[in-house]
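Trainee: First the structure, which I've put down as structure tokens, then a few questions once you've had a look.
The values are calculated or read from the model by the stated rules, or taken from the named source; none is laboratory data. Worth saying up front: this structure is predicted, and the values here are computed from it rather than measured. Neighbour counts are summed over all protein chains in view; Cβ atoms, including those assigned to glycine, are modelled from backbone coordinates with ideal geometry. Protein only, heavy atoms only, side chains kept; ligands, DNA and RNA dropped before computing areas. Shrake-Rupley method; radii C 1.70, N 1.55, O 1.52, S 1.80 Å.
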Amino acid sequence: MITFDTLDAFEKATGSHLGYSDWISISQHDINAFADATGDHQWIHVDTDAAAQGPFGTTIAHGYLTVALIPRLTSSIFSIDGLTMGVNYGLNKVRFPSVVPAGSEIRAGAELLTVTPTPNGTQAVIRVIVELAGSDKPVCVADTVTLFA
């Protein structure tokens, strides 16, 4: 984990790769809990018997579950001291090039693309690439937008 003493120090890292998160496991329980929270109970996510016969041979995590885990993943990559808050402002682009099978592990890498002062704080665009253990193909590529103050 890299810790920046100030937002100015963070801004100086623009254009650099910030590092990688810890690996986290995605269990069927996690997938089911997300399905319950969102109401998305599509069989490919929650029906283990049907999914075993489906295109991936098992259930897979929702793409939006992967996106929802980005704050957890990036919290083990970097921190900025002295902040009052960090607010998810949005996403500029999100793609899901591959799937996350139940029982697998993922981690994220982060690259600081831009840092822009705004009247409400400092807006950062961070490209987060979520990787699947044992695979060369990313499962999610997202340009996240965060407002720091």
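Table: residues versus (1) in contact with a helix residue (DSSP H, G or I) (Cβ under 8 Å, 6 or more places away or on another chain); (2) within 20 Å of Ala9 (Cβ to Cβ).
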| site | (1), (2) |
| --- | --- |
| Ala61 | yes, no |
| Leu65 | yes, no |
| Asn92 | no, no |
| Phe96 | yes, no |
| Arg107 | yes, no |
| Thr116 | no, yes |
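Trainee: Only one of Ala68, Ala102, Ala61 is of a type outside the set (D, E, K, R) and in contact with a strand residue (DSSP E or B) (Cβ under 6 Å, 6 or more places away or on another chain); which?
Mentor: Testing whether each residue is of a type outside the set (D, E, K, R) and in contact with a strand residue (DSSP E or B) (Cβ under 6 Å, 6 or more places away or on another chain) leaves just Ala61.
Trainee: I've got another one for you. Quick check on my filter: what residues within the range 8-57 are part of a loop (DSSP other than H, G, I, E, B) and either open to solvent by less than 40 Å² (accessible area, probe 1.4 Å) or small (Gly, Ala, Ser) (or both)?
Mentor: Scanning the range 8-57 gives Ala13, Gly15, Ser16, Ser21, Ser27, Gly39, Gly54, Gly57.
Trainee: Follow-up question, since we're still on this one. Given the conditions (1) open to solvent by 20 Å² or more (accessible area, probe 1.4 Å); (2) more than 27 Å from Asp30 (Cβ to Cβ), which single one is not true for Leu112?
Mentor: With respect to (1) open to solvent by 20 Å² or more (accessible area, probe 1.4 Å); (2) more than 27 Å from Asp30 (Cβ to Cβ), Leu112 is out only on (1).
Trainee: Considering only residues that are surrounded by 14 or more Cβ atoms within 10 Å (Cβ to Cβ) and either touching a Phe, Trp or Tyr at 6+ places or on another chain (Cβ under 8 Å) or touching a residue at least 60 places away in the same chain (Cβ under 8 Å) (or both), look in the range 84-102 and name the one that is nearest to Arg127 (Cα to Cα). Before the answer, list the steps.
Mentor: Residues of the range 84-102 surrounded by 14 or more Cβ atoms within 10 Å (Cβ to Cβ): 86, 89, 91, 94, 96, 98-102.
Pick out the ones that are also either touching a Phe, Trp or Tyr at 6+ places or on another chain (Cβ under 8 Å) or touching a residue at least 60 places away in the same chain (Cβ under 8 Å) (or both) and you get 86, 99-102.
Numbers: Gly86: 16, Val99: 19, Val100: 19, Pro101: 23, Ala102: 25 Å.
Among those residues, the one meeting the criterion is Gly86.
Trainee: Just checking, how many residues over the range 124-146 are hydroxyl-bearing (Ser, Thr, Tyr) and over 13 Å from Ser104 (Cα atoms)?
Mentor: Within the range 124-146, residues that are hydroxyl-bearing (Ser, Thr, Tyr) and over 13 Å from Ser104 (Cα atoms) number 2.
Trainee: Restricting the range 123-140 to residues that are in contact with a Pro (Cβ under 7 Å, 6 or more places away or on another chain) and in a strand (DSSP E or B), which is most open to solvent (accessible area, probe 1.4 Å)?
Mentor: Looking at residues that are in contact with a Pro (Cβ under 7 Å, 6 or more places away or on another chain) and in a strand (DSSP E or B), I get Ile129.
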